[in-house]
Every structure is written in C-alpha cells, then in structure tokens.
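Handing you this structure, nothing more for now.
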Amino acid sequence: MKTPTMESISPYEISLSRIKDLPDHRRPRELALDMGIDQVPDEVLVAILLRAGTRGQSVIDLARQLLDRHQGSLARLADASQDEIRGIRGRDASARPIKGIGSVKALELRAAFELGRRAAQEDRGLLPLIREPTHVLSLLKKDTARLDQEVFWVLLLDQKYRLRQAPEAVTKGILDASFAHPREVFREAIRMAAAAIIVAHNHPSGDPTPSAEDIRSTRQLVETGRIVGIQLLDHIVIGGKRPHPAPYVSLRESGLVDFK
C-alpha cells in the first residue's frame, strides 16, 4: 500500500487524528514545519502552545476542547481572561475547569495572543496620542455627527497617554437618555491594564452643555477610578448633528468636576 505523503493529507484530516497515533513527522510542531504554519488548522496552532495533553487525552483533543469552550472562535479565546481559559470562570455558568490547562499554560496562551495584538497594532501604525479634548473630538466627530441617540465611549490610554485601541462604545441610550455604569466603563480598562481613561458622550440636540446627571456620574467615575487605580482624565461632551457655537465641553477644562 502506498504511504501517503504530506502533500496528500488535508490539514483538517490531520487534526482529526490522535497525536499519539501519528508518526513523529505528523505531530503538531512537525506538521507546522512541514506544511507551513499558515496551513495548519487552529487546533494545531493552539496545541503547539499547549505542548502536551493529559493522560488519555492528546494535546490536539485538549486544544479542541479549549476552542469548543469558546464556540470554536480564536477571537473569543483571545479575549478570554486567565480564569476563563482555565475554565475556572466562564461565560457559561455550567463551565468546569479544563484538566491539563493550569495557570502557566493559560498565561502562555494569553502572552501569545497579546503578541499578536501588539504586532497587528504596529502594522496599522501607532495609535494617536491624546493630549487635549480636541484630539478626542477629532476621533469621534464623524460618529457623533450622524447619531440620533446618546452613545457613551471609553478611550483606553497607556502611560504616555497613547490610545491603546479604538474608542469603545459601552452604552447606547434612547434619544437623549444614556448612563454608563462604572463597571461597564472600567471593565475593559482593567482587563487591558490601561494606565488611564477618558470618557466621552454625545448630545444629539447639538448643545454639549453637561447635564446635572453628566456631572454626577462623572464624579462617581472619578471615585471608582481612584479605587481601581485607573485615573479618569476627562469627560468630553460632544454636540450632535445640529449646529452649536461650542462643538464640545470638557468637564476638566470647565472645572465642573475635580479630576485630581
């Protein structure tokens, strides 16, 4: 019987085999070397990072189990926390710890995904520095010009006040009513270990004058930031599609809230 060559074997066919039953040249690392790292399926890539399975379970099976916990999505796995990767805490309340994935393996996976994020960010070019309210306005003015409801954004910054990622819309209101709870504002900032944040929202009426609720909620966010160790630098209120003499109001510049 003719022995199949690497060229005749589909990567997905390979992934269905148990690693212990494969010849050395068909194990995850060897597969990636022989076929090309860009040709092997997701579970083989994850298996390379995991390195070893458990008794009775191959590393491919372990990788597939981990992906299945995250709906087969690398993006969802990449966004998972340390505990979510280990299965200690998951989006599914019935989730159980995954045998064979301890804190070290979970950390190595997160490190690999973080390297990918940073490489992708460098490839896109450096994200902008946020030094003044007009920088926030320039980032959001195209969005705010077309909105008929309030949207509340969070901007994550590093220690040099460079934007970590695109502004995140955390809540959307109906017409002119919107409120962002501190846990929604700081959830991603804590996960991404941001050094500081700026929040912003729009007033569809066009008048960026902060409301009493804007001021009250900003003070609450300042206090929350002090507790979690992530400074809230400013809250920018941006006018909407209707023209107004002032395109925005900075609560820091206006002195309406003490951000220190």
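Of everything in region 216-233, what is closer than 19 Å to residue 151 by Cα, part of a helix (DSSP H, G or I) and not charged (D, E, K, R)? Give them in sequence order.
Passing the criteria: 217, 218, 220, 221.
Can you pull out the residues in region 25-73 that are within 19 Å of residue 111 (Cα to Cα) and among the hydroxyl-bearing types (Ser, Thr, Tyr)?
73, the sole residue that qualifies.
So residue 205 clears everything in (1) assigned to a helix (DSSP H, G or I); (2) touching an Asp or Glu at 6+ places or on another chain (Cβ under 8 Å) except one condition, right? Which one?
Failing condition for residue 205: (1).
Could you say which residue among 214, 234, 258 is touching a Leu at 6+ places or on another chain (Cβ under 7 Å) and among the charged types (D, E, K, R)? Show your work before the answer.
Details: 214 fails: touching a Leu at 6+ places or on another chain (Cβ under 7 Å); 258 fails: touching a Leu at 6+ places or on another chain (Cβ under 7 Å).
Just one listed residue meets the conditions, 234.
For (1) crowded, with 16+ Cβ neighbours inside 10 Å; (2) modelled with pLDDT of 90 or more; (3) among the polar types (S, T, N, Q); (4) not in a helix (DSSP H, G or I), each residue gets a yes or a no:
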residue: 147; (1), (2), (3), (4): yes, no, no, yes
residue: 152; (1), (2), (3), (4): yes, yes, no, yes
residue: 209; (1), (2), (3), (4): no, yes, yes, yes
residue: 214; (1), (2), (3), (4): yes, yes, no, no
residue: 235; (1), (2), (3), (4): yes, yes, no, yes
residue: 243; (1), (2), (3), (4): no, no, no, yes
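In region 204-225, how many are more than 10 Å from residue 256 (Cβ to Cβ) and in contact with a strand residue (DSSP E or B) (Cβ under 6 Å, 6 or more places away or on another chain)?
Of the residues in region 204-225, 5 are more than 10 Å from residue 256 (Cβ to Cβ) and in contact with a strand residue (DSSP E or B) (Cβ under 6 Å, 6 or more places away or on another chain).
The values are calculated or read from the model by the stated rules, or taken from the named source; none is laboratory data. Note that the coordinates shown come from a computational prediction; the quantities given were computed from them, not determined experimentally. Cβ: placed from backbone, ideal geometry, glycine included. Neighbour counts: every protein chain shown.
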